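The next block holds one structure in the form of structure tokens; read it before the comments.
The values are calculated or read from the model by the stated rules, or taken from the named source; none is laboratory data. Here the structure is a predicted model, which is why all the values come from computation and not from measurement. Cβ atoms come from the backbone with ideal geometry, glycine included; neighbour counts cover every protein chain shown. The protein model used for the area step is the full one, side chains on, heavy atoms only, and it has no ligands, DNA or RNA in it. Shrake-Rupley method; radii C 1.70, N 1.55, O 1.52, S 1.80 Å.
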Amino acid sequence: MIERTVKVNAKIEARPAALFVQTASRFQSSIFIKVDNKMINAKSIMGMIAIGLLDGNQVTIMADGQDEEAAIAELGRFFSTV
């Protein structure tokens, strides 16, 4: 398992959350997002919306699996380019 902490550059509402889940779902690895004391499955649209990511939040992306490095890199870029 690897993890990376990134800063969110925009409020993640329904459309960006859906795009994030689509991106995460392309990877075989298990992927989770942690903000403060909350942790959700990054492949869950309801989880992404419920976690309520705001501009400036520090988010830890955790991935475990055969493509974990690619998943962390791609999803880290997502938060910096939203």
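The figures follow:
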item: Evaluated over the chain, the Cα radius of gyration and Dmax, each in Å; result: 11.0, 31
item: Å² of accessible area per residue within the chain, as computed with a 1.4 Å probe and no ligands counted; result: 57
item: Percentage relative contact order, the chain, counting C-alpha pairs under 8 Å, at least six apart; result: 47
item: Ranked packing of 27-33, 4-10, most packed first, by mean Cβ within 10 Å; result: 27-33, 4-10
item: Heavy-atom accessible surface of the chain: percent carbon and sulfur, 1.4 Å; result: 48
item: From phi via Karplus (6.51, -1.76, 1.60), per-residue ³J(HN,Hα) for segment 64-80 in Hz, x at Gly/Pro; result: 9, x, 5, 10, 4, 5, 5, 4, 4, 4, 5, 6, x, 5, 4, 5, 7
